[in-house]
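Trainee: I am attaching a structure below and will ask some questions about it afterwards.
Quick note: the coordinates plus some simple rules give every number you see, no bench work behind them. The structure displayed is predicted, hence computed values, not measured ones. Backbone-built Cβ (ideal geometry, glycine too); neighbour counts: all protein chains shown.
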Amino acid sequence: MPDIPNKPVLLTGASGALGGVLARDLSAAGWTLRLTDIVPFPDPVPAGASFTRADLNDGVAILRLAEGCGTILHFGGVSCERPFEEVLGANIRGLYHIYEAARREGARVVFASSNHSIGFHERADKLDADCAFLPDGYYGLSKAYGELMGRMYWYKHGVESIFIRIGSCFPAPVNVRMLSTWLSYDDLTRLCVRATLAARVGCGVIWGASANQRSFWGEDARAALGWAPEDSADSFAGQLAGAVSSDPVAERYQGGDYPAMEYSRKDGPPEKLL
Ligand code: 15L
């Protein structure tokens with residue numbers, strides 16, 4: 001199988017941290033990238049790539065950008081907990097524009113979903129990809145909605161999707177929670193390569209985490225892509241011992257700080273969902 005897609009790849013959120021990693025690594029691998037973001041690209045645009053400033057709320061701009069693309073790596077939008085109205089535009093309307101573009105082009109969508117779509121599951125529970133959505137805020141809710149939108153476009157229009165439920169994608173893990181949730185930049189790049197190049201993927205979820213022994217997560221669709229993580233947070237365990245927060249809500253749930261934001265239950269955790 002060739003290592004270079006036969007059509008250009010649209011990368012949204014190119015000016016963000018993960019978009020920047022993908023723009024650099026995939027360009028270096030010889031891919032033809034169309035980069036876009038609402039803010040300027042912070043570095044020189046890599047060879048073989050073009051950059052267009054666009055707002056995900058602008059459906060016409062997104063349709064134009066996606067013309068002729070075979071895959072959309074959708075890393076754009078609000079990437080942390082924000083007020084509902086802010087999340088609504090980029091993450092809900094914006095995602096609709098991405099799916100309409102994918103439908104028109106017959107393109108595959110690789111969607112940067114998040115662990116915050118399931119963040120209210122307890123850390124003691126090991127989850128498979130078919131677990132219930134339990135969003136831990138408006139941001140996580142938009143990611144759950146995004147996965148559902150992708151499913152709808154798969155069943156109704158045959159648009160393929162890979163939803164990467166990204167854990168904590170940073171240069172290195174920085175607390176005990178991330179010993180479970182960390183995804184290395186290199187594992188992310190390799191995952192996006194496989195999600196783009198795999199012959200047929202249908203529609204499925206991948207847990208976006210490296211090979212962490214303490215992972216909260218189990219089964220997913222990785223076999224269909226031929227991807228397995230190569231890095232691990234395990235070697236950081238010694239230096240991170242004690243790197244925990246003092247908030248019992250943050251420590252109880254997989255989403256960490258996010259479930260604890262604006263938490264206002266007075267009577268302790270709820271009973272499990274029926
Ligand atoms: C995310 O989805 C965020 O984009 C990132 O900033 C981290 O908060 C990460 O999740 C995490 O849960 O560690």
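Trainee: Which GluC sites (Glu not before Pro) in the stretch 1-93 pass both tests, a DSSP loop state and at most 15 other beta-carbon atoms within 10 Å?
Mentor: Filter output for the stretch 1-93: GLU67.
Trainee: Now for a separate question. For the stretch 120-274, give the share of DSSP beta bridges that are antiparallel, in percent and rounded to the nearest 5; count only bridges with both residues there.
Mentor: 10 percent
Trainee: Out of LEU273, TRP182, SER113, whose Cα points farthest toward the positive end of the dipole of the chain (charges: +1 Lys, Arg; -1 Asp, Glu; placed on Cβ)?
Mentor: Projecting each Cα onto the dipole axis, the largest value belongs to SER113.
Trainee: Positive end of the dipole of the chain, charges at C-beta (+1 Lys, Arg; -1 Asp, Glu), about the Cα centre: which of GLY167, TYR145, GLY238 has its Cα farthest in that direction?
Mentor: About the Cα centre, the residue reaching furthest to the positive side is TYR145.
Trainee: Can you give me the convex hull volume of the Cα atoms of the stretch 9-260, divided per residue and expressed in Å³?
Mentor: So the per-residue hull volume is 118 Å³.
Trainee: Still on this structure, please answer the following. Please give the FRET efficiency for LEU273 paired with ARG252, using the beta carbon to beta carbon distance and R0 = 22 Å, rounded to the nearest 0.05.
Mentor: 0.90
Trainee: To continue, here is another question. Work out how much length ALA228 to ASP128 would gain on full extension: take 0.36 nm times their residue separation and subtract the Cα-Cα distance, in nm to one decimal.
Mentor: That pair, ALA228 and ASP128, stretches by 34.4 nm at full extension.
Trainee: State the extension gain, in nm to one decimal, for the chain segment bounded by SER50 and ALA237, taking 0.36 nm per residue of separation less the distance between their alpha-carbons.
Mentor: Contour length minus the Cα-Cα distance gives 63.3 nm.
Trainee: Further, regarding this structure: Spin-label point model (7 Å from Cα, Cβ direction): what's the ILE4 to ASN57 distance in nm?
Mentor: In this crude label model, ILE4 to ASN57 measures out at 3.9 nm.
Trainee: Among ASP234, ASP25, rank each residue by its count of other Cβ atoms within 10 Å, from fewest to most, as a rough exposure measure.
Mentor: Least crowded to most crowded, the residues run ASP234, ASP25.
Trainee: Further question on the same structure: Check cross-link reach from LYS7 to the lysines: straight Cα distance under 17 Å, and skip same-chain residues fewer than eight apart.
Mentor: Here the lysines satisfying the reach criterion relative to LYS7 do not exist.
Trainee: Calculate, for GLU219 and SER245, the FRET efficiency according to 1/(1 + (r/R0)^6) with r their C-beta to C-beta distance and R0 30 Å; round to the nearest 0.05.
Mentor: Here the calculated transfer efficiency is 0.55.
Trainee: Could you give the length gained on full extension between GLU67 and LEU88, defined as 0.36 nm per residue of separation minus the Cα-Cα distance, in nm?
Mentor: 5.1 nm
Trainee: Might you report the magnitude of the Cβ-based charge dipole of the stretch 64-151 about its Cα centre, with Lys and Arg at +1 and Asp and Glu at -1, to the nearest 20 debye?
Mentor: It works out to roughly 300 debye.
Trainee: In debye, nearest 20: dipole of the chain around its Cα centre with unit charges on the Cβ of K, R (+) and D, E (-)?
Mentor: The calculated dipole for the chain is roughly 600 debye.
Trainee: Quick check on the exposure proxy: order MET149, MET261 from fewest to most C-beta atoms within 10 angstrom.
Mentor: Going from least to most buried by this count: MET261, MET149.
Trainee: Over the chain, what is the percentage of antiparallel beta bridges among all DSSP beta bridges, to the nearest 5?
Mentor: Close to 5 percent.
Trainee: Each residue of the stretch 134-145 in order: what ³J(HN,Hα) in whole Hz does its phi give by Karplus 6.51 cos²θ - 1.76 cosθ + 1.60, θ = phi - 60°, with x for Gly and Pro?
Mentor: Per-residue couplings from phi come out as 9, x, 10, x, 5, 5, x, 4, 5, 6, 5, 4 Hz.
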